[in-house]
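The values are calculated or read from the model by the stated rules, or taken from the named source; none is laboratory data. Since we're looking at a predicted model, the values are computed, not measured. Note that each Cβ is placed from the backbone with ideal geometry, even for glycine, and that neighbours are counted across all protein chains shown. The protein model used for the area step is the full one, side chains on, heavy atoms only, and it has no ligands, DNA or RNA in it. Shrake-Rupley method; radii C 1.70, N 1.55, O 1.52, S 1.80 Å.
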Amino acid sequence: MKLQIVSTAADQQHVALQGRLDSAGVDAVESQFNAAVVARRKPVIVDLTQVEFLSSMGVRMLLSAAKALQRAGVRMVLVASGQVVTTALTHSAIDELIPVAADVDGARALLSSPTR
Amino acid sequence: MDDSNYVDKTITSLPAAPSRAADDAHYLLVLEGRARGERFELTGAHTVGRDAGVSIRLDDPSVSRVHCRVELRGEAVFVIDTGSTNGSFVEGERVRGALELHVGAVLQVGDQLLRHELRSRAEVAREVGLAQDLRKARAYVSALIPGPLNVGALSIEWAYQPCAALGGDLLGYHWLDRARLALYVLDVCGHGVGPAMHSASVLNVLRNQTLPRADFGAPSQVLEQLGRSFPMESHGGMYLTAWYGVLDVTTRKLRYASAGHPPALLLGAGPLQRLHTKNPPLGTIEDRAYREAELQLSAPSRLLVFSDGVFEFERRSQEPASFESFEQFIERERFETPATLQRKLQETAKTGAFDDDFTLLSVALRAGV
């Protein structure tokens, strides 16, 4: 499991996760993810298009980060396109708590929209 | 008092410091596979395999009957393959002749992984004591699950296997009145004592119907009030997913709602049907109205309610661990009981074990009863 900081700007940042976001993947990446996403308290796009598998532990990591940012009044938007990941997001109904876009442009639009 | 005498007496009255080396022992700890967590002390020459007569038994088809020998020679441990089908490997190197297994190194026997440990027996004994406490806790949690039910046209069976000593999953059912049966599967995110305590608390609330302002015959109300009662912020960041249904056995009407949980599957005369209502996991959001659905069941039919552990595990094949592949498996494979299904699925697991808790509730309606 890898975390890539795609871009970081004053007003928003863009990170991408790659690999299997299961228990082992979460163990490997969660501290780095929280440092990059939660601690900076900036609107963030989390790209999951290179994530092959999303387990309930991966969902927990994303949800905890989104809720921490939400408490600080900051938005997080996911990008997901693969069937395995989108099914996991739909079944867990996390897409009702964290906005999901099919591509990065869509995520940017969601991030800059006045309301969710 | 003479100082020198005092010092002498003090020193001679102390027991000899225990020699760490004297208390240390060599162990093989199973890291992966069905016997995960089991520890074998090495005292001399041991045979490893799946045969009943070996000294270190690994019940896995990828392991030969007598796969290899592990020998403690002085303070060194050596592995000798005994002509196994799948080979023995030390840190990825195939064993030919005798290969030393250093402390901390991993031995692969078929799909099983075992680590060589040098540890004090006292430390291991403390761990064994802790494991016994966990077994007692596991027995308590298992005792919360009702036994199978076979009444008239209705038959309820289940399979439940936590992946660790304690899991975050639980399941249950109870009669609301003479006709209506409440059915539920819970999954608290994570494993171990914390999630197990959390899921046991929630299950007891359901079993005893102690949720305020909820009609237990109305699945959406039950989930809504459970979410209000167990917010993740005041429960150590833990949230849970759930599937809750109410089956009227006289009319065969099923009301159900799910929250962040995989769909249940209905097997009947037609194609496989997903039973899912889109609601976020419980405890993640406040003041949210939950959706529910209603369905007329036919007979014969079978409802399978389960947690994600039944499909989220690595396969021997390259097949993805997806819900869709699980649906295909259900359609393709014949199974009589949840235990049969569990065994068939377990045979497809890469390590021979599930990565998560395995929880599956089966509710069958027979025709013509």
Rg/Rh for segment B:61-194 to two decimals, with Rh computed the Kirkwood way over all alpha-carbon pairs.
1.18
GNM on chain B, C-alpha springs below 10 Å: top fluctuator among B:S317, B:S64, B:S258?
B:S317
Using only the Cα atoms of the protein assembly as shown, construct the convex hull and provide its projected area averaged over every direction, in square nanometres to one decimal.
32.6
Around B:C163, which amide H atoms from residues at least 5 apart in sequence, or from another chain, sit under 5 Å from its own amide H, with H modelled in the peptide plane?
B:D357, B:F358
Here the relative contact order (percent) of segment A:2-116, from C-alpha pairs under 8 Å and at least 6 apart, is 24
Compute the length gained on full extension between B:A153 and B:D51: take 0.36 nm times their separation in residues and subtract their Cα-Cα distance, giving the result in nm to one decimal.
32.4 nm
Antiparallel DSSP bridges in segment A:2-112: what percent, to the nearest 5?
30
Hey, if you drop one equal point scatterer on each alpha-carbon of chain B and run the Debye formula without solvent, what base-10 log of I(q)/I(0) do you get at q = 0.06, 0.08, 0.09 Å⁻¹?
-0.33, -0.53, -0.64
What nm value, rounded to one decimal, do you get for the distance between B:E91 and B:Q273 when each label is placed 7 Å out toward the C-beta?
5.9
Could you work out the equivalent-ellipsoid semi-axes for segment A:53-116, taking the square root of 5 times each eigenvalue of the Cα gyration tensor, largest first, in whole Å?
19, 15, 8
Calculate the spin-label point distance for A:I5 paired with B:E71, positioning each point 7 Å from the Cα along the beta-carbon direction, and give it in nanometres.
5.5
Leaving ligands and nucleic acids out of the surface, order B:M197, A:M76 by accessible area at 1.4 Å, largest first.
B:M197, A:M76
Expected output for segment B:308-342, residues with a loss of 40 Å² or more in accessible area relative to the chain alone at probe 1.4 Å, reads B:E312, B:E324
Placing +1 on each Lys and Arg Cβ and -1 on each Asp and Glu Cβ in segment A:2-112, then taking the dipole about the Cα centre, the residue among A:V46, A:A93, A:A36 whose Cα reaches farthest towards the positive end is A:A36
Over chain B, what relative contact order in percent results from Cα pairs under 8 Å that are six or more residues apart?
14
Full-stretch length increase - B:T82, B:K253 - with 0.36 nm per residue and alpha-carbon distance subtracted:
55.6 nm
Applying the Karplus parametrisation 6.51 cos²θ - 1.76 cosθ + 1.60 with θ = phi - 60° to the phi angles of segment B:35-45, what ³J(HN,Hα) value in whole Hz is obtained for each residue in order, glycine and proline being reported as x?
9, 3, x, 6, 10, 10, 7, 9, 10, x, 9
Per-residue mean of C-beta atoms belonging to partner chains within 10 Å, peptide A:49-60
4
Using the membrane-span-like helix rule (whole DSSP H runs, Cα extent along the own axis of at least 20 Å, mean Kyte-Doolittle hydropathy at least -0.5), which helices of chain B qualify?
B:121-143, B:193-208
Area of A:V84 that stays accessible when all protein chains are in place (1.4 Å probe, Å², to 10)
40
Share of accessible surface on carbon and sulfur in chain B, whole %, 1.4 Å probe and ligands ignored, is 51
Hey, can you grab everything whose amide H is under 5 Å from the amide H of B:A45? Only 5+ residues off in sequence or another chain; H modelled, so Pro and N-termini drop out.
B:L72
Percentage relative contact order, segment B:111-215, counting C-alpha pairs under 8 Å, at least six apart:
20
Given a 1.4 Å probe, how much area per residue of segment A:1-98 is accessible, in Å²?
39
Compare each residue of segment A:1-24 in its chain alone against the assembly with all protein chains, and report those whose accessible area goes down by 30 Å² or more; 1.4 Å probe, heavy atoms.
A:R20
The answer for the net charge of residues other than B:A299 whose Cβ lies under 11 angstrom from its Cβ, with Lys and Arg +1 and Asp and Glu -1, is +3
Taking each residue in B:269-279, count the Cβ atoms of any other chain within 10 Å of its Cβ, then average. What number comes out?
1
Kindly write out, for segment B:249-256 in residue order, the coupling ³J(HN,Hα) from the Karplus curve 6.51 cos²θ - 1.76 cosθ + 1.60 (θ = phi - 60°), rounded to whole Hz, with x marking Gly and Pro.
6, 7, 9, 6, 8, 10, 9, 8
Pop a pseudo-label 7 angstrom from the Cα along the beta-carbon direction at both B:S298 and B:S201 and give the gap in nm to one decimal.
4.5
Between B:W175 and B:S142, the FRET efficiency computed from the C-beta separation at R0 = 30 Å comes out, to the nearest 0.05, as 0.90
Radius of gyration and maximum dimension Dmax of segment B:277-334, Cα, Å
15.7, 44
So what does the Cα-only Debye profile of segment A:2-112 read at q = 0.12, 0.17 Å⁻¹, as log10 I(q)/I(0), no solvent term?
-0.33, -0.70
Provide the FRET efficiency to the nearest 0.05 for the B:E123-A:A35 pair, computing r from the beta carbons and using R0 = 35 Å.
0.55
Ranking A:K42, A:K2 from most to least accessible area with a 1.4 Å probe gives A:K2, A:K42
By per-residue mean of other Cβ atoms within 10 Å, what is the highest-first order of A:20-26, B:187-193, B:134-140, B:38-44?
B:187-193, A:20-26, B:38-44, B:134-140
Taking H placed 1.01 Å from N in the peptide plane, check which residues at least 5 places from B:F306 or on another chain put their amide H under 5 Å from its amide H.
B:L361
Using a 1.4 Å probe and counting only protein heavy atoms, how much accessible surface gets buried when B and A come together, both sides summed, in Å² to the nearest 100?
1900
In debye to the nearest 20, how big a dipole does segment A:2-112 give about its Cα centre with +1 on each Lys and Arg Cβ and -1 on each Asp and Glu Cβ?
420
To check my understanding: the extent here is largest minus smallest coordinate of the Cα atoms along each principal axis. What are those three numbers for segment B:203-355, in Å, largest first?
46, 41, 25
Looking only at other chains, what is the average number of their beta-carbon atoms within 10 angstrom of each beta-carbon in B:63-74?
0
